[in-house]
Structures are given as structure tokens and as C-alpha cells.
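The values are calculated or read from the model by the stated rules, or taken from the named source; none is laboratory data. Since the structure is predicted, the reported quantities are computational estimates derived from the model, not experimental observations. Cβ atoms come from the backbone with ideal geometry, glycine included; neighbour counts cover every protein chain shown. Each accessible area value is taken on the protein alone, full model and side chains, heavy atoms only, with ligands, DNA and RNA left out. Shrake-Rupley method; radii C 1.70, N 1.55, O 1.52, S 1.80 Å.
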Amino acid sequence: MEIAVIPAPVRAASPPGAPFVLNTGTRIVVGPDPATAAIATVVAESLTRLGGLAVPTVAKDSSEPGAVVLRLTDDRSVLGLSVDVDAARSMGAYRLEVSRDRVVVTALDLPGLLHGVATLEQTSDRTRGSVRFPPLVATDAPRFGWRGLSLDVARHFFDVAAVRKVIDVMAGLKLNVLHLHLTDDQGWRLDVPSRPELAARSGGTAVDGDPGGYYTVEDYQEIVAYAQSRCITVIPEIDVPGHVNAALHACGELTPSGEPAPAYTGIGVGHSRLHADLEATGNFLHDVFTDVAALTPGHYVHIGGDEVLTMRPAEYASLVQAAATHVRAAGKGVVGWQEIAKTPLGPDTVVQYWTGAQGAEPVIAAAQAGAQVLLSPAHKVYLDMKYDDETPVGLVWAGHIEVRDAYDWEPLDVIPELPAECIVGVEAGIWSETIRSVDELFLLLLPRLAAVAEVAWSRPETRDWNDFAARLSVLAPRWTEAGLSWYRSPRVQW
Ligand code: TNX
């Protein structure tokens with residue numbers, strides 16, 4: 001380990017020389033591009049937090065020492081990107097140069113500027129009373145364009161403040177997709193303007209009768225905007241046609257008897273379903289997906305589709321197609337769990353693989369028909385699995401997942417028959433059946449989310465478990481400083 005940065009950069013070297021020190025002369029220089037102004041605000045906030053000194057933003061680059069220059073370019077050669085890296089995959093690439101007098105971050109786009117600053121922040125040394133950044137030259141680019149976390153806020157609810165903490169950690173690890181699992185049997189967590197009864201009646205329920213909660217439209221917009229300011233896209237999931245008891249509880253017209261279903265507070269799966277022969281079902285799908293798409297600036301809406309155990313394939317296909325049709329009518333792309341792979345859904349569909357138990361053939365066939373594949377293999381990246389027997393919360397159905405298990409795997413080996421170009425990326429998942437607090441949430445997320453982030457960002461040749469563990473031991477104390485809980489794996493020397 002030369003430099004403790006997670007995820008490991010493509011290239012980084014520390015030339016000899018004095019460090020850049022944060023002081024009253026430090027300022028952010030944003031150059032002529034107005035789009036960088038918003039990013040500069042975020043960067044100024046985080047440098048201010050690090051050093052305890054206000055860091056102003058200026059437009060003119062004087063030759064005085066102390067400038068942190070954020071510079072957009074369209075010259076890919078500055079970043080050392082080889083020509084075979086396509087535009088989608090080079091999004092977020094950056095070059096970072098740190099010397100005694102200035103820091104220069106150069107990137108093709110705003111995510112790249114933020115990623116450069118994320119690297120800078122991780123290299124900070126605060127052991128001598130001031131904040132110092134050792135000299136550094138790094139060029140870096142992500143391996144995969146989709147580096148996500150799926151967060152279940154349905155089984156137990158996590159409020160806006162908690163989600164902001166998750167977003168902060170994600171941004172530091174260069175993750176760029178926050179998938180919110182907003183609805184399930186136990187609760188409905190987003191107020192849908194055309195269907196206020198959903199959140200009003202099913203926002204308050206949760207597993208074991210624990211307190212629920214839901215996001216108002218303003219709350220949701222706040223999450224989306226906060227994520228966006230960190231170059232993270234929010235993908236909302238409304239899970240249909242199974243995992244719908246909260247909807248059946250709120251809307252009696254969705255059940256065959258016309259009576260609302262009782263609230264469900266257990267943790268079983270596969271028992272609830274929509275009914276294609278009820279007229280109300282079509283209207284529900286239309287209203288919910290149209291509203292959710294309209295509230296969402298990101299390109300994708302997730303339609304769920306998982307674990308529907310009591311429905312014939314034709315009915316399943318018709319309901320999934322109806323959901324997809326409304327998402328597309330709103331101009332969005334469709335994401336669904338791997339079960340949707342059997343349903344023809346056309347281009348601009350992302351199939352999220354999570355288990356080997358169903359066989360990979362439908363996923364491979366969907367990819368051959370033009371779908372893209374997002375990898376969330378449960379036994380590696382389901383961060384609600386316990387680390388070991390002693391972990392106080394979590395499930396075990398996909399096995400124990402120690403930090404190294406979440407780290408030591410190769411995305412292209414998950415479904416070897418899949419052509420690499422069909423794989424959009426990697427998404428960790430955390431399901432909240434057993435998670436009741438922010439401390440429990442981070443105990444399961446960290447450090448494994450850092451491991452998955454490195455799998456998604458870094459190329460195999462820069463990845464090595466022992467090196468990762470050494471970098472982790474340098475960076476983990478920062479989670480403590482930020483007030484976050486994390487798991488001190490006995491397999492890492494802290
Ligand atoms: C499987 S993954 C589920 C979820 C559970 C999770 C618990 C998937 C698409 N479905 O409903 O919460 O396992 O780990």
C-alpha cells in the first residue's frame with residue numbers, strides 16, 4: 001500500500017515534496033464553466049468540515065499558493081484514458097495533482113471532479129494539528145458505470161437524515177446509484193400524489209409492529225437533490241406484482257374480495273400479489289408508475305418483479321409489462337429483479353441478477369435480446385447477511401458474508417456466459433427486516449460497502465485483499481470520527 005485510497009485508483013504515485021496544507025489562503029477555483037459552481041459548493045463544504053476553516057470559491061486563478069482548481073476538459077489524453085474506454089465507462093474519470101502550492105482536479109464531467117476530490121479527502125493527514133495532503137499524481141477511471149446500493153426502507157423505515165448519511169458514505173466511495181426499495185408487504189414509504197391513501201394507510205406499518213414512516217414528496221425531492229449534488233442518481237423501486245401487501249392494505253379494490261388486506265408485519269416473502277383481472281389493478285399501476293416517474297429526474301424506475309410465487313407466468317408477464325409500459329410512457333428506462341428476464345420487455349431494460357437459485361439462462365437470453373445486466377449476487381453483496389454467528393442483526397439465507405467475501409470476487413465470473421458489454425455494473429443490497437436503527441444499518445454496511453465499491457470501480461489488476469485490508473485500516477477510523485458504526489472484522493489488522 002503506497003496510498004490509502006478506496007476504491008483503488010488506476011494509477012497513483014507520491015512524488016517527493018512538501019504537502020499542500022489547508023489554511024486561510026485555501027480557496028476553490030472553478031474556472032469559466034458555470035456547471036462547476038454547484039460542485040464547488042459541495043467541495044467547499046467538505047474541505048471546510050475537514051479543516052474547520054471557511055474555504056471560499058473564486059472564479060480567477062491567481063498564482064498565489066493555496067488554490068484547489070476544479071477544471072473540466074474534453075481532452076481525454078489528460079486523463080490517460082486509453083481509446084478503448086467508451087464514453088459511458090469513462091464518465092467520472094479524473095486526474096488529481098497535489099503539490100505544495102496547489103491542487104488541480106481535471107475531469108471530463110462533474111462526477112469526475114467530485115471523484116477527484118473524494119480521493120483527495122481520503123489522503124488527508126490530520127496527525128499534525130493541520131490538514132495536510134501529501135504530494136500526489138493520480139489518474140483514475142471507473143471500471144463499471146453503475147456502482148450502486150439498494151436500500152430497503154420498506155421493512156423498516158429510514159428517514160431523510162439517515163439516507164443523507166448513506167449518501168455521504170456512498171459519495172466518498174465513488175458509488176453513483178442509490179436504489180430505494182420504497183414499497184413491500186410491510187410498508188409503503190412514498191407519498192404518491194394521485195394515491196394519497198397508500199402512504200396514509202400503509203406508511204405507518206413496519207416489521208414487528210415497529211414504527212413506520214414515509215417520505216412526503218418534498219422529502220423525496222430532498223433526497224433526490226442531495227444525491228444529485230453528489231452525482232448520485234436515485235432509482236425508486238415500486239415492487240410489483242408481488243411484495244404488495246402494503247398496497248392491498250391501503251386499497252381494498254386491489255383484492256378479490258374488495259376488502260383491504262390486514263397489515264403484514266412478519267418477514268415472509270412471496271405471499272402477496274396483484275390480480276390482473278381486477279380493473280383497479282391497471283389503474284393502480286398507471287397512477288403509481290406515472291407519478292413516481294414524474295417525481296424522478298433519473299433515467300430509471302425499478303418495477304421490482306421478484307419472488308412472485310403464486311401466479312401463473314402469463315398473468316405475471318402481463319402485470320410486469322403493464323408496469324413497464326407506464327414507465328416507458330414517462331420516458332424512463334425499466335429496471336427489474338432477475339425474474340423479469342422471462343418477460344420480453346424490449347430495449348432499455350436492466351435486469352438485476354441476485355441469485356443463482358433460478359438458473360442464469362433467462363438472464364443470458366434477455367441479454368442476448370438486448371437487455372443489460374446489473375450484478376447483485378446475494379452471497380457476495382447482500383449486506384444484510386451476517387458477517388458470522390456473532391453478528392447481532394442480519395439474515396443468513398445467503399450465508400455469512402465476511403468482508404473478504406464481499407471483496408474477493410470477479411463480476412465477469414458471476415455469469416461466465418454473459419458478454420462483458422452486457423454488464424452495466426454492480427449493486428450492493430441491504431434489506432431491512434432485522435435492521436431497526438442507523439447504527440445497525442452502518443454496522444452491516446461498513447466495511448463491506450467499501451469492498452463492493454472497489455469491486456465495481458477498480459480493475460482486477462489493482463485489486464488485492466491484503467492491500468485493501470491495509471487501506472481499510474487507515475480509512476475506517478474516519479467512519480468513527482463521522483459517528484458511524486462499523487464492523488471490526490477479526491480478519492483485518494486495525
Ligand atoms: C430476497 S432479493 C429478497 C427480499 C428479501 C431479501 C432478504 C430479492 C429480490 N428479494 O425480498 O428482503 O432476500 O435478504
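For the stretch 270-295, name all the residues that are in contact (Cβ under 8 Å) with a residue 60 or more places away in the chain and either within 27 Å of the chain's Cα centre (by Cα) or under 15 Å from LEU319 (Cα atoms) (or both). Spell out the reasoning first.
Initial filter on the stretch 270-295 (in contact (Cβ under 8 Å) with a residue 60 or more places away in the chain): 271-272, 284, 287-288, 290-292, 295.
If the condition is that a residue be in contact (Cβ under 8 Å) with a residue 60 or more places away in the chain and either within 27 Å of the chain's Cα centre (by Cα) or under 15 Å from LEU319 (Cα atoms) (or both), then SER272, PHE284, ASP287, VAL288, THR290, ASP291, VAL292, LEU295 are the ones that fit.
Matching residues to (1) modelled with pLDDT of 95 or more; (2) more than 20 Å from ARG463 (Cα to Cα); (3) in contact with a Cys (Cβ under 7 Å, 6 or more places away or on another chain); (4) not basic (Lys, Arg):
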site	(1), (2), (3), (4)
ALA67	yes, yes, no, yes
SER77	no, yes, no, yes
ASP86	no, yes, no, yes
GLY92	yes, no, no, yes
ARG100	yes, yes, no, no
| request: Please specify each residue of the stretch 390-409 satisfying the condition of being surrounded by fewer than 21 Cβ atoms within 10 Å (Cβ to Cβ) and farther than 15 Å from LEU444 by Cβ. | output: ARG404, ASP408, TRP409
| task | Just give me the residues in the stretch 319-366 being within 30 Å of ASP405 (Cβ to Cβ) and open to solvent by less than 10 Å² (accessible area, probe 1.4 Å), in sequence order. | result | VAL335, GLY336, TRP337, GLN338, ILE340, THR349, VAL350, VAL351, GLN352, VAL363
| remark: Of the residues in the stretch 203-222, those that are over 26 Å from GLU427 (Cβ atoms) and buried (at least 22 other Cβ atoms within 10 Å of the Cβ) come to THR205
| Residue under evaluation LEU309, criteria (1) within 12 Å of the ligand (Cβ to nearest atom); (2) open to solvent by less than 40 Å² (accessible area, probe 1.4 Å), criterion not met | (2)
| said: Which condition from (1) on the phi < 0 side of the Ramachandran plot; (2) in contact with a helix residue (DSSP H, G or I) (Cβ under 9 Å, 6 or more places away or on another chain) is the one that LEU444 breaks? | reply: (2)
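Would you check if LEU151 is touching a helix residue (DSSP H, G or I) at 6+ places or on another chain (Cβ under 7 Å), touching a residue at least 12 places away in the same chain (Cβ under 8 Å), open to solvent by less than 30 Å² (accessible area, probe 1.4 Å) and under 21 Å from TYR226 (Cβ atoms)? Steps first, please.
On the way: touching a helix residue (DSSP H, G or I) at 6+ places or on another chain (Cβ under 7 Å): yes; touching a residue at least 12 places away in the same chain (Cβ under 8 Å): yes; open to solvent by less than 30 Å² (accessible area, probe 1.4 Å): yes; under 21 Å from TYR226 (Cβ atoms): yes.
Taking the combined requirement at face value, the residue satisfies it.
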| remark: Taking the stretch 437-479 and keeping residues farther than 21 Å from LYS174 by Cβ and surrounded by fewer than 16 Cβ atoms within 10 Å (Cβ to Cβ) leaves SER437, ASP439, ASN466
| said: Test of understanding: among GLY298, GLY346, which residue is touching a strand residue (DSSP E or B) at 6+ places or on another chain (Cβ under 6 Å) and not hydrophobic (A, V, I, L, M, F, W, C)? | reply: GLY298
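Is it the case, given these coordinates, that GLY270 is modelled with pLDDT under 95, of a type in the set (Gly, Ala, Ser) and within 14 Å of the ligand (Cβ to nearest atom)?
Numbers: modelled with pLDDT under 95: yes; of a type in the set (Gly, Ala, Ser): yes; within 14 Å of the ligand (Cβ to nearest atom): yes.
Judged against the criteria, GLY270 is a match.
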| In the stretch 131-156, what residues are within 24 Å of VAL234 (Cα to Cα) and among the aromatic types (Phe, Trp, Tyr)? | PHE144, TRP146
| query | Hey, any hits in the stretch 460-470 for a residue that's within 16 Å of the ligand (Cβ to nearest atom), in contact (Cβ under 8 Å) with a residue 12 or more places away in the chain and assigned to a helix (DSSP H, G or I)? | reply | no
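Does ALA162 qualify as being part of a helix (DSSP H, G or I), open to solvent by less than 10 Å² (accessible area, probe 1.4 Å) and of a type in the set (A, V, I, L, M)?
On the way: part of a helix (DSSP H, G or I): yes; open to solvent by less than 10 Å² (accessible area, probe 1.4 Å): yes; of a type in the set (A, V, I, L, M): yes.
Yes; evaluated as a whole, the condition is true for this residue.
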| Residues in the stretch 395-441 that are without any contact (Cβ under 8 Å) to a residue 60 or more places away in the chain, away from the ligand (no atom under 16 Å from the Cβ) and in contact with a Lys or Arg (Cβ under 7 Å, 6 or more places away or on another chain): how many? | 1
| query | Which one of these is under 19 Å from GLY356 (Cα atoms) and open to solvent by 20 Å² or more (accessible area, probe 1.4 Å): LEU418, LEU412? | reply | LEU412
| task | Could you list all residues from the stretch 407-441 that are part of a helix (DSSP H, G or I) and closer than 11 Å to PHE144 by Cβ? | result | PRO411, LEU412, ALA420
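Sort out which residues of the stretch 63-77 are open to solvent by less than 50 Å² (accessible area, probe 1.4 Å) and not polar (S, T, N, Q), and write them in order of number. Lay out the reasoning, then the answer.
Taking the stretch 63-77 first, the residues open to solvent by less than 50 Å² (accessible area, probe 1.4 Å) are 66-70, 73.
Within the stretch 63-77, GLY66, ALA67, VAL68, VAL69, LEU70 meet the criteria.
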| message | Return the residues of the stretch 330-373 that are of a type in the set (Ser, Thr, Tyr) and either in contact with a Leu (Cβ under 9 Å, 6 or more places away or on another chain) or more than 12 Å from the ligand (Cβ to nearest atom) (or both); say none if nothing qualifies. | response | THR343, THR349, TYR353
| query | For the subset of the stretch 273-306 comprising residues that are within 16 Å of the ligand (Cβ to nearest atom) and charged (D, E, K, R), which member is nearest to VAL234 (Cα to Cα)? | reply | ASP306
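In this structure, does ALA294 turn out to be open to solvent by 10 Å² or more (accessible area, probe 1.4 Å), among the hydrophobic types (A, V, I, L, M, F, W, C) and assigned to a helix (DSSP H, G or I)? Explain how you work it out, then say what you get.
On the way: open to solvent by 10 Å² or more (accessible area, probe 1.4 Å): yes; among the hydrophobic types (A, V, I, L, M, F, W, C): yes; assigned to a helix (DSSP H, G or I): yes.
In short, yes.
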| remark: Counted residues in the stretch 442-452 being within 16 Å of the ligand (Cβ to nearest atom) and either assigned to a loop (DSSP other than H, G, I, E, B) or touching an Asp or Glu at 6+ places or on another chain (Cβ under 7 Å) (or both) come to 1
| query | Can you find a residue in the stretch 175-191 that is open to solvent by 10 Å² or more (accessible area, probe 1.4 Å), more than 20 Å from VAL288 (Cα to Cα) and part of a loop (DSSP other than H, G, I, E, B)? | reply | yes
